[in-house]
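Structure record follows, encoded as structure tokens.
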Amino acid sequence: MLNPQPVEPHIMDRAITLPWWRQWRVQVAAGVALALLVVLLLKTIFDGERHLRMERDQLGIATVTRGTFADFIPLRARVVPRETVYLDAVEGGRVERVMVEPGDLVEAGQPLLRLANTELELTVLDREARLIESITQLQARQSMLEQDRLANQKAFANIEYNIKRLERSLQRRKALASESQELRDTLQDELDYNLRLLPLQAESNTRQEQLRVQQLPQIAAQLEKLHQDVEITRSKLESLIVRAPVAGRITAMDLKVGENRNRGERLGELTPDFGFKLLAAVDEFYLGRLRTGQNATAEIDGHAWPLQVSRVRPQVNGGSFEVELAFTRAPPDGLVSGRAVQGKFALGAASNAIMIPAGPFLQQTGGNWVFVVSRDGETAVRRHITPGRRNVEQLEIRSGLEPGERVITSDYSDYERVERIDIQ
């Protein structure tokens, strides 16, 4: 019998004391404190007023005034030709000779350059041969119809001649008793045959003449169309010589002898002597305020020249759109394409209004809000306003500001979420 294992004496459980930072009461209190801290932080971020300190000399400050608002916008334009003719390749080919250079004056129809296209020349010759063959066949058909008409008339006249000859011969032989009855009967039979043949020949001639009358116009139309096709085919070769469509000045042509140009490719530009116009780029803010027929002025050589908006191109590119302006009287002498011109658009009559100077702040706010400086000049608070018309110098204020108040007009790039500026 195995000896039982000795049993250890029972040891009583002892209480384990946790550090104070691990006690549940301390942890709950820390969690509550952390939650309160987060709430206070969020309240500070989202509900609190964001301040910004700025030096006074770093700010542009202007006073709100009431005065005369001049409703105009600046005009910055360049002189361009009224019309431009583009020279494109009707048929492609290799540049064989260039006869003009940019800046040359040319007359209408003057050769400008010549292209060479061997494949086109062979195609034109083959097409022309086929057309001429078709023309020859139609002309032969036309000649055959005329010959048939003459043959039918000749046959009818021959029958009439035989009838008269037989009638006379029969009358003479009836008067002679010596003539045999057989001969007279033969003549009578021949006469009767020709008398029956005459209406048949007349009917045949009438029908053939009707067909001929119907076919001749068709043949003539086909011949005319074929002759036109021949001319068009030959003109393909003539189009290898590019000619000036109108008189004017060559403004662009960069071609080298030996290079290939495809059909429809741009070969150059020609400016007719139709005068000049102005092409201005205008800020997209004014797209809804410019209309065809509005007046403008341009400063050229120290004189103001009246203009009128002739076309508004509404496509916006890079924040601006283009406006074409025409001179309302003879333009000044010495204008050249590409010259820069300044002036202004007249959008309306001058009127009394509350205004602030236009400044860099408009790029960020669009005139919808500004920082208004306090009376003591120590702070500036954000305020929403209602803007009106605008020109290069002034912004009309419809509501939100009063004359005498001061606003910050310098750049607002870093002020998007700022509510108050402390001015040092």
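Some points to look at:
- Taking region 282-323 as the range and being more than 15 Å from L75 (Cβ to Cβ) and of a type in the set (D, E) as the test, the residues that pass are E284, D301.
- Taken over region 95-138, residues that are acidic (D, E) and within 29 Å of the chain's Cα centre (by Cα) amount to 3.
- Members of region 61-103 found to be in a loop (DSSP other than H, G, I, E, B), exposed (fewer than 15 other Cβ atoms within 10 Å of the Cβ) and of a type in the set (K, R), listed by number: none
- Verdict on K256 being touching a residue at least 40 places away in the same chain (Cβ under 8 Å), of a type in the set (D, E, K, R) and farther than 30 Å from N295 by Cα: yes
- Within region 282-299, the only residue that satisfies the criterion of being in contact with a Gly (Cβ under 8 Å, 6 or more places away or on another chain) and without any contact (Cβ under 8 Å) to a residue 40 or more places away in the chain is E284.
- Selection within region 397-418 - more than 23 Å from D71 (Cβ to Cβ) and among the basic types (K, R): R406, R417
- Of all residues in region 282-309, those satisfying the criterion of being loosely packed, with under 11 Cβ neighbours inside 10 Å and either closer than 20 Å to V392 by Cα or under 24 Å from the mean Cα position of the chain (by Cα) (or both) are G288, R291, G293.
- Taken over region 196-217, the criterion of being surrounded by 14 or more Cβ atoms within 10 Å (Cβ to Cβ) and touching a Lys or Arg at 6+ places or on another chain (Cβ under 9 Å) is satisfied by N205, Q208, E209, R212.
- Residues that are in contact (Cβ under 8 Å) with a residue 24 or more places away in the chain, surrounded by fewer than 12 Cβ atoms within 10 Å (Cβ to Cβ) and either at negative phi or assigned to a strand (DSSP E or B) (or both) within region 330-350 comprise V336, A340, A349, listed in sequence order.
- Residue within region 296-303 that is β-branched (V, I, T), part of a strand (DSSP E or B) and over 26 Å from I250 (Cα atoms) present: yes
- Scanning region 111-165 for residues being among the acidic types (D, E), within 19 Å of I241 (Cβ to Cβ) and touching a residue at least 60 places away in the same chain (Cβ under 8 Å) gives a total of 2.
- Selection over region 245-280 of residues that are part of a loop (DSSP other than H, G, I, E, B) and either of a type in the set (A, V, I, L, M) or in contact with a Ser or Thr (Cβ under 9 Å, 6 or more places away or on another chain) (or both) gives a count of 5.
- Sole exception among (1) surrounded by 11 or more Cβ atoms within 10 Å (Cβ to Cβ); (2) at pLDDT 90 or above; (3) among the charged types (D, E, K, R) for E107, by number: (1)
- Subset of region 310-327 (residues that are loosely packed, with under 14 Cβ neighbours inside 10 Å and touching a residue at least 12 places away in the same chain (Cβ under 8 Å)): R311, P314, V316, G319
- Within region 218-244, the residues that satisfy the criterion of being of a type in the set (K, R), farther than 11 Å from I135 by Cα and assigned to a helix (DSSP H, G or I) are R234, K236.
- When region 114-136 is limited to residues that are surrounded by 12 or more Cβ atoms within 10 Å (Cβ to Cβ) and not hydrophobic (A, V, I, L, M, F, W, C), the one that is nearest to L195 (Cα to Cα) turns out to be S134.
- When region 222-274 is limited to residues that are out of contact with any helix residue (DSSP H, G or I) (no Cβ under 6 Å at 6 or more places or on another chain), surrounded by 15 or more Cβ atoms within 10 Å (Cβ to Cβ) and polar (S, T, N, Q), the one that is farthest from R82 (Cα to Cα) turns out to be S239.
The values are calculated or read from the model by the stated rules, or taken from the named source; none is laboratory data. Note that the coordinates shown come from a computational prediction; the quantities given were computed from them, not determined experimentally. Positions of Cβ are generated from backbone atoms using ideal geometry, with glycine treated the same way; all protein chains shown enter the neighbour counts.
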